[in-house]
Ligand SMILES: C[S@@+](CC[C@H](N)C(=O)[O-])C[C@H]1O[C@@H](n2cnc3c(N)ncnc32)[C@H](O)[C@@H]1O
């Protein structure tokens, strides 16, 4: 009886934190699509851009069913004690409203870039030569690319709107495979590196489970790293490093686990290979690599059309080659063994172990 009550309390608490987030971000998505349709009509274009794919796309019911499956699994993981009830705190009401304003203010600029296929605004005198050329683009057509504080403050809202409030739940699906290798270990003696750590959302989930685990977040953006520092301020044993993933300033065989969330679809194929080489170098023998990123072609054939459309609507120059990449073969070429994949709504978790 008491276990049933405690299960019900967990479901109620989960719903109380997740439902308002889903409604908030799905509402933003609805408003964004309406504004975009109105802007297109004012320009004399059809309200919706014609779909340029011959592959299948999921209907609304399938989409909702897959999203529900993700949330059920998230809740089941909480119930199984793999992680606590997610905090998923997006800030006080004034912060939420400020982020919402930043998000909506940028939409006309995003719309203009999408119409003109403008993706090089970020390449200017102040940035040229300071980062690799492939990095200096307006990914997602967003203002500032990865290079400005405003972009870093807008990012979490943009991602949650894109995924209707489920981005954190997808990131959390990387935690169970970490559990498998951390179980029974003294967390203070383990080391975890998150590559392309952005605003620190995934590391916040990691610290909720393993508060004493020493973690490093590495990202090439000073602005995003500043945002991550603010976001992770309450946790100890967090180091944040501005560096590039293809040459990380860390010792060989220093990490028990390396994670990377939503980074790989933004890397050119040659850079993906360099970064995998770095993962293999940094992991201890027997250490684990966990990637979270988009589904690839064929994972869920009903989504293949969506995967083809995504880079047409959001500037993602390397997405198509990402969606075709054979990660098992790439990993094997660097001495990493593919363990398994876990599909999670429109993302998947890829797990690899360093042959020890
Ligand atoms: C789509 S965001 C993902 C951020 C975060 N992991 C998340 O879960 O939202 C990609 C991040 O990778 C970083 N990034 C891109 N290329 C990189 C590189 N070569 N080395 C290090 N960071 C990189 C960007 O600065 C950005 O913060």
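Looking for something without any contact (Cβ under 8 Å) to a residue 60 or more places away in the chain, within 20 Å of residue 26 (Cβ to Cβ) and touching a helix residue (DSSP H, G or I) at 6+ places or on another chain (Cβ under 8 Å) - is there at least one such residue anywhere in region 121-136? Scanning region 121-136 turns up no residue that is without any contact (Cβ under 8 Å) to a residue 60 or more places away in the chain, within 20 Å of residue 26 (Cβ to Cβ) and touching a helix residue (DSSP H, G or I) at 6+ places or on another chain (Cβ under 8 Å).
When the criteria are applied in full, residue 252 meets the requirement of being outside the structural domain of residue 130 (by TED's automatic domain parsing) and assigned to a loop (DSSP other than H, G, I, E, B).
Checked against (1) within 16 Å of the ligand (Cβ to nearest atom); (2) loosely packed, with under 15 Cβ neighbours inside 10 Å; (3) in contact (Cβ under 8 Å) with a residue 24 or more places away in the chain, residue 249 meets all criteria but (3).
Residue 255 meets all of the listed conditions (1) near the ligand (Cβ under 9 Å from one of its atoms); (2) over 17 Å from the mean Cα position of the chain (by Cα); (3) buried (at least 24 other Cβ atoms within 10 Å of the Cβ) but one, namely (1). From the list 171, 226, 234, 212, the lone residue that is crowded, with 21+ Cβ neighbours inside 10 Å and either at pLDDT 95 or above or outside the structural domain of residue 108 (by TED's automatic domain parsing) (or both) is 171.
Determine if region 263-284 includes at least one residue that is more than 15 Å from the ligand (Cβ to nearest atom), at pLDDT 95 or above, assigned to a strand (DSSP E or B) and assigned by TED's automatic domain parsing to the domain that holds residue 318. Yes, some residue in region 263-284 is more than 15 Å from the ligand (Cβ to nearest atom), at pLDDT 95 or above, assigned to a strand (DSSP E or B) and assigned by TED's automatic domain parsing to the domain that holds residue 318.
Of all residues in region 99-111, none are closer than 26 Å to residue 31 by Cβ, part of a loop (DSSP other than H, G, I, E, B) and out of contact with any strand residue (DSSP E or B) (no Cβ under 7 Å at 6 or more places or on another chain). Considering (1) surrounded by fewer than 14 Cβ atoms within 10 Å (Cβ to Cβ); (2) not in a helix (DSSP H, G or I), the lone condition that residue 55 does not fulfil carries the number (1). In region 147-190, the qualifying residues are those that are outside any helix (DSSP H, G or I) and under 14 Å from the mean Cα position of the chain (by Cα), and the one that is farthest from residue 202 (Cα to Cα) is 164.
The values are calculated or read from the model by the stated rules, or taken from the named source; none is laboratory data. Owing to the predicted nature of the structure, the values given are computational and were not obtained by experimental measurement. Please note: Cβ atoms are built from the backbone with ideal geometry, for glycine as well, and neighbour counts cover all protein chains shown.
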